[in-house]
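Asker: Can you keep this structure in mind? I'll have questions shortly.
The values are calculated or read from the model by the stated rules, or taken from the named source; none is laboratory data. Source: prediction; values computed, not measured. Just the protein is used for accessible areas: all its heavy atoms, side chains included, with ligands, DNA and RNA removed. Shrake-Rupley method; radii C 1.70, N 1.55, O 1.52, S 1.80 Å.
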Amino acid sequence: QVKLVESGGGLVQAGGSLRLSCAASGNMFGFSFLAMGWYRQASEKQRELVAILSRDGTTGYSDSVKSRFTISGDNAKRTVYLQMNSLSPEHTAVYYCCADLQIGATLARKTLWGQGTQVTVSS
């Protein structure tokens, strides 16, 4: 019932910026978001973690992006963002949003993925 929808991707020149959004929708009654993160998958590469935002507000980044990317969230809008600055062609990839959920008080866990949004950085 719950789904994640990414947006904000597109084509940008090197040095430009993009802000990706990941909005959660559906019936989330009884669900707790333990963490949300952004992953990316470049052509012929494995999917890799880019940034993570935990429920307590702590953040983590891949060493390759932490100086230029910022993850943030808006609980009221049920949305997580990834601000990407000083983009370069190496950042070209499909970016996916991921949520780590806990269901009620059962301690059951569920991982939810969005469909991805394409980011292309031209030289």
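Asker: Roughly how much of Ser43 is accessible, in Å² to the nearest 10, using a 1.4 Å probe?
Answerer: Per-residue accessible area (Ser43): approximately 100 Å².
Asker: Here's a follow-up. When all alpha-carbon pairs of segment 4-65 are counted, what percent fall beyond 17 Å?
Answerer: 56 percent
Asker: Quick one: what do you get for the chain if you divide its Cα Rg by 2.2 N^0.38 Å?
Answerer: The chain yields a ratio of 1.06.
Asker: Determine which lysines satisfy two conditions relative to Lys45: a Cα distance under 28 Å, and not lying fewer than 8 residues away in the same chain.
Answerer: Lys3, Lys66, Lys110
Asker: When the solvent-accessible surface of protein heavy atoms is calculated with a 1.4 angstrom probe, in what order do Thr92, Thr111 fall, highest first?
Answerer: Accessible-area ranking of Thr92, Thr111, largest first: Thr111, Thr92.
Asker: Top to bottom by accessible area (1.4 Å), largest first, where do Arg78, Arg55 land?
Answerer: In descending accessible area the options line up as Arg55, Arg78.
Asker: Between segment 58-123 and segment 3-33, how many Å separate their Cα centres?
Answerer: Each part's Cα centre sits 7 Å from the other's.
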